[in-house]
Amino acid sequence: MSLIHLAHAAEKFLDFNLPTMPLDRALEAFGRISKEQLLLDASITDGRHSNSVVGRFTPEAALRQMVSGSGLAVRAVEGQGFAIVPVPTGNISASSREVPPSSAQRFESYSATIQIALGRVLCERVDTTPGAYRTMARLWIGADGMVDRAQLLTSSGDADRDALLKARFRGLAFGAPPSGLPQPITLLVTSEGASADYCARIGAIPGNAVNIR
C-alpha cells in the first residue's frame with residue numbers, strides 16, 4: 001500500500017465532530033479525518049462557511065452535509081476521492097452526479113503518476129522518507145506539469161523537515177495534468193502501512209538521488 005494517499009473513497013463510517021467554520025478549514029479537517037482526496041479550486045471556498053457535521057457518517061455523507069446549501073456540489077470520483085465544484089446555474093441535482101468514468105480514469109492514472117514521483121523524491125533523503133511522520137499538503141500544477149506552488153496544511157512535527165518537504169514538492173514534474181483536473185490537489189503523506197522496503201519497492205533508496213523527470 002502506498003504511503004502517499006491521494007484518494008480512496010470507501011463506504012466506511014467515521015466519527016466527525018466539526019462545528020461550523022470557514023469552509024477551507026472544514027475541508028482540511030475533513031481530509032485529516034477521512035484521508036480522502038479533495039479535488040477543488042481553492043478559490044471557491046472564499047467567504048463560505050461549512051455546516052456542522054457531528055456524528056458517524058460515511059466520508060461522502062459527511063462532505064455533502066458540510067457543503068449543503070453553500071452553492072457547491074460534491075461529485076464522487078471513482079477510486080479517487082471527491083471533487084467539489086460550483087453548482088451549475090439551474091441544475092439542482094448536480095450534487096448527486098458523479099464525474100464521468102472517462103474523467104475518473106484520467107484522474108486515477110495521473111494520481112498514480114503523482115504517487116510514484118512523490119514517493120521517489122521523498123525517498124531521496126532519510127529525513128523525508130515516508131513512514132516516520134504524517135503531513136497534508138496542497139500542490140498547484142502548471143499546464144507544463146511542473147509544481148508551481150506547494151503549501152503544507154499540517155506540520156510533519158519538525159520545522160526543518162517541513163522546509164525540506166516544501167522544497168521537494170516545488171519543482172516536481174508529473175507531466176501535463178488531464179483536462180478538467182481541479183486544483184490545487186490535496187495529498188496526505190502518512191506513516192500508516194509503513195514497511196522497511198517501501199523505498200526499494202518504488203525504485204528509490206534513501207540517500208540516493210532519483211531522477212523523476
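Tell me, what ³J(HN,Hα) does each residue in segment 164-170 have, in order and in whole Hz, if you take phi through Karplus 6.51 cos²θ - 1.76 cosθ + 1.60 with θ = phi - 60° and put x for Gly and Pro?
Once rounded to whole Hz, the list reads 5, 4, 4, 5, 6, 5, 5.
Kindly write out, for segment 48-55 in residue order, the coupling ³J(HN,Hα) from the Karplus curve 6.51 cos²θ - 1.76 cosθ + 1.60 (θ = phi - 60°), rounded to whole Hz, with x marking Gly and Pro.
9, 10, 7, 7, 5, 10, 10, x
Using θ = phi - 60° and the Karplus curve 6.51 cos²θ - 1.76 cosθ + 1.60, what whole-Hz ³J(HN,Hα) does each residue of segment 151-158 get, with Gly and Pro shown as x?
9, 7, 8, 9, 6, 7, x, 8
Using modelled backbone amide H atoms (1.01 Å from N, in-plane), which distant-in-sequence or interchain residues come within less than 5 Å of Asp148's amide H?
It is Trp140, Ile141, Gly142, by chain and number.
Test of understanding: what is the full-extension gain from Ala112 to Thr20, defined as 0.36 nm times their sequence separation minus their Cα-Cα distance?
So the extension gain works out to 29.7 nm.
Per 0.36 nm of contour for each residue apart, how much would the distance between His49 and Leu181 grow if the chain were fully extended, relative to their Cα-Cα spacing?
So the chain would gain 45.1 nm between His49 and Leu181.
With a Förster radius of 22 Å, plug the Cβ-Cβ distance of Asp41 and Ser68 into 1/(1 + (r/R0)^6) and report the FRET value to the nearest 0.05.
Taking R0 as 22 Å, the efficiency between Asp41 and Ser68 is 0.70.
Coordinate-derived values only; no laboratory data. Just so we're clear, the structure is a prediction, and the values are computed from it rather than from any experiment. So basically every Cβ, Gly included, is an ideal-geometry build from the backbone, and we count neighbours across all protein chains shown.
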